[in-house]
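Can you read through this structure? Questions will come right after.
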Amino acid sequence: MLGRSVAGRLAETAPEDLWAPELRELCRSCDLVVCNLECCISGRGAPTERVRGKPFFFRGPPDAVRSLEAIGVGAVSLANNHALDYETEALVETLELLDAAGIVVAGSGRDVRRARKAVTLEVAGTRVGLAAMTDHPSEFAAGEHEPGVAHADLSAGIPDWLRAELAHVRKECDWLIAFPHWGPNMATEPARWQRKAGAALQGAGADLVAGHSAHVFHGVGWGARGPLVFDLGDGLDDYRVDARLRNDLGLMAIWRPGDPECELELVGLDLDFCFTRIAAGPAADWIASRLEDACGGLGTSVERRSDGRFSIRRVD
């Protein structure tokens with residue numbers, strides 16, 4: 001989230017300095033970094049009135065794109081409940097700025113066809129597909145000639161258009177990521193419908209399901225095709241901290257598809273106000289304890305590799 005107070009921070013610090021040096025180094029070592037961009041990036045637009053009673057509006061300045069470049073972001077999802085916070089004018093500029101930076105966008109577009117279209121990227125000789133969608137708000141859904149997001153009510157099952165899109169991109173890539181923005185804020189575990197929808201997304205062709213929206217991380221499951229990362233929590237924000245739920249602690253997932261030693265590694269993130277570092281000490285201990293409890297009921301085990309890094313394995 002690069003808006004509100006983070007945008008204010010960007011007016012007084014270098015864009016790369018939203019991230020600790022060791023986190024920047026880790027991200028830059030990856031073949032591909034994918035994130036959910038929980039704001040528009042623009043100098044245009046006015047707060048939307050589409051959603052009655054909407055309390056928060058997030059817009060980062062154009063220079064915020066450099067913060068994404070600093071951690072090597074190659075693709076973002078704009079399928080979320082803040083992509084249209086400053087209406088279509090700001091969303092269109094966001095798409096233009098990201099395109100100019102060489103950052104691929106999934107889950108949003110200038111019309112419904114482009115918003116729903118999964119993207120493919122060439123990564124170290126491998127074709128990776130990314131399909132992004134959000135279950136809220138329906139008012140942000142793209143139209144036939146209207147910019148917006150790929151809206152899908154996943155609690156009601158996988159819609160036909162999404163099933164068809166996953167099947168189509170599955171033929172064009174080696175590995176396919178489904179990237180849903182789903183569920184309510186501050187939920188501490190995946191709902192039954194999310195577990196069912198995650199399995200259905202894999203049944204439709206996704207290898208990895210990686211979700212977000214709750215602002216607190218969930219445990220990890222394992223489906224027929226690979227990991228079910230129901231919610232990674234936050235990566236960067238300026239939100240008020242819940243002392244019990246610890247929304248100031250999130251996860252970065254490192255996926256090594258097909259690696260028998262460690263297919264999925266989670267890296268703990270410690271979110272200070274408008275600044276994120278790799279978790280260590282008591283913060284890492286809290287994440288370790290929380291992960292152990294959360295994963296146990298989802299059929300996976302947690303091995304602590306170092307202070308803030310964890311291997312996740314399926315329990316057979």
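The values are calculated or read from the model by the stated rules, or taken from the named source; none is laboratory data. None of the values given here were measured: they were computed from a predicted structure. When we count neighbours, we look across all protein chains shown, and the Cβ atoms used for this are built from the backbone with ideal geometry, even at glycine. What goes into the accessible areas is simple: the full protein's heavy atoms, side chains included, and nothing from ligands, DNA or RNA. Shrake-Rupley method; radii C 1.70, N 1.55, O 1.52, S 1.80 Å.
Considering the Cα positions of the chain, please state its Rg to one decimal place and its Dmax as a whole number of Å.
Answer for the chain, Rg first and Dmax second: 18.0, 52 Å.
Quick check: at a probe of 1.4 Å, how many percent of the accessible area of region 166-316 sits on carbon and sulfur atoms? Mind showing how you got there, number by number?
On the way: 3060 of 6280 Å².
That fraction is 49 percent.
What number comes out for accessible area per residue over the chain if the probe is 1.4 Å? Units Å², please. Mind showing how you got there, number by number?
On the way: 13240 Å² over 316 residues.
I get 42 Å² per residue for the chain.
Moving to a separate point now. Build a GNM of the chain with springs between Cα atoms under 10 Å: which of D160, D238, D135 gets the top mean-square fluctuation?
Looking only at D160, D238, D135, the biggest GNM fluctuation is shown by D160.
Please give the length that would be gained between V241 and E89 if that part of the chain were fully extended, namely 0.36 nm times their separation in residues minus their C-alpha to C-alpha distance (nm, one decimal). Spell out each step's value before the answer.
Values: separation 152, 0.36 × 152 = 54.72 nm, distance 3.19 nm.
In short, 51.5 nm is gained.
Counting helices only, and only those DSSP H runs with n ≥ 4, report the 222 nm mean residue ellipticity of the chain as the sum of -39,500 (n - 2.57) divided by its residues, in deg cm²/dmol to the nearest 500. Numbers along the way, then the final one.
On the way: 8 runs with 79 residues, N = 316.
Only helices count here, giving -7500 deg cm²/dmol.
Report, for the chain, the % of DSSP beta bridges that are antiparallel, rounded to 5.
Numbers: 33 of 57 bridges.
If I count the DSSP bridges inside the chain, around 60 percent turn out antiparallel.
Are there any GluC sites (Glu not before Pro) in region 247-305 that are in a DSSP loop and have at most 15 other Cβ atoms within 10 Å? List them by number.
Those satisfying the criteria are E261.
Please report the spacing between the Cα centers of region 155-230 and region 61-132 in Å, no decimals.
19 Å
Could you work out which residue, out of A46, A279, A150, moves most in a Gaussian network model of the chain, that is, has the largest mean-square fluctuation with Cα springs under 10 Å?
Residue with maximal mean-square fluctuation among A46, A279, A150: A46.
Next up: By how many nm would the segment from E146 to D31 grow when fully extended, if each residue of separation counts as 0.36 nm and the alpha-carbon distance is taken off?
Details: separation 115, 0.36 × 115 = 41.40 nm, distance 3.36 nm.
Stretched fully, the E146-D31 segment lengthens by 38.0 nm.
Most fluctuating residue of V51, V65, V229 in a GNM of the chain with Cα springs under 10 Å: which is it?
Result for the chain, Cα springs under 10 Å: V51 fluctuates most.
So which GluC sites (Glu not before Pro) in region 134-230 pass both tests, a DSSP loop state and at most 16 other Cβ atoms within 10 Å of the Cβ? Write down the numbers at each step before the final one.
Values: sites: E139, E144, E165, E172; in loops: E144, E172.
Here the sparse-neighbourhood loop sites are E144, E172.
Looking at region 106-191, which trypsin sites (Lys or Arg not before Pro) are in a loop (DSSP not H, G, I, E or B) and have at most 12 other Cβ atoms within 10 Å? Can you show the working numbers first?
Working: sites: R110, R113, R114, R116, K117, R127, R163, R170, K171; in loops: R110, K117, K171.
Filter output for region 106-191: K171.
Right, next: Spin-label point model (7 Å from Cα, Cβ direction): what's the S306 to D293 distance in nm?
Calculated label separation equals 2.7 nm.
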